[in-house]
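> The structure is given below, and queries will be raised subsequently.
Derivation of every value follows stated rules applied to the coordinates shown; laboratory data play no part. Since we're looking at a predicted model, the values are computed, not measured.
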Amino acid sequence: MTQPPQSFYGPPPQPFHGPPPVAPPAAGWELERVDAVGGTGFGLAQLRVVPITSGPAIGSLAAGIGAILVSVVAICFGALGASEGWGPWVGGAFTLLSVLAGGGAVAAGMIALRQIRRSGQPGRVRFTGRGVAISGIVCGASGAGIGLLGLLLGLMLQMS
């Protein structure tokens with residue numbers, strides 16, 4: 001078997017002198033330090049993870065706001081339809097939706113708080129958003145409570 005000409009492989013490799021090149025880190029990662037590996041021209045890059053906002057915290061806030069909006073609709077239907085008799089039924093349906101959304105917001109907020117508390121260890125993703133999670137819990141509980149009060153208001157207006 002014959003060898004191809006030298007130009008096929010390109011120029012011969014040149015010896016490397018100087019510090020090893022460091023590629024820029026990908027988005028979301030920050031270079032913390034580079035440790036040289038003894039006896040080689042290589043280095044070990046230590047990356048720091050940029051903190052990100054917790055997904056369950058954002059979902060908790062969105063569900064909590066939704067629970068408040070649905071509870072306002074439950075109050076409106078419960079009060080407007082009380083004289084015709086359909087108000088508590090329609091208000092009750094929206095109250096159920098508000099309580100389910102509020103309960104989901106509280107559950108997602110608790111999961112987010114646990115996720116945030118457990119994060120931040122070396123080599124792991126660090127989550128932020130504690131205030132967002134607490135806001136989602138408060139909004140979810142408020143939405144469920146307002147929805148239940150709206151149902152009670154509709155029932156009282158129908159009985160009077």
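> Work out how far the C-alpha atoms of the stretch 52-159 reach from end to end along every principal axis, then list the three figures in whole Å, largest first.
Largest first, the stretch 52-159 extends 63, 16, 15 Å along its Cα principal axes.
> If you don't mind, there's one more thing I want to ask. Where does the stretch 45-105 land on Rg(C-alpha)/(2.2 N^0.38 Å)?
Output field value: 1.76.
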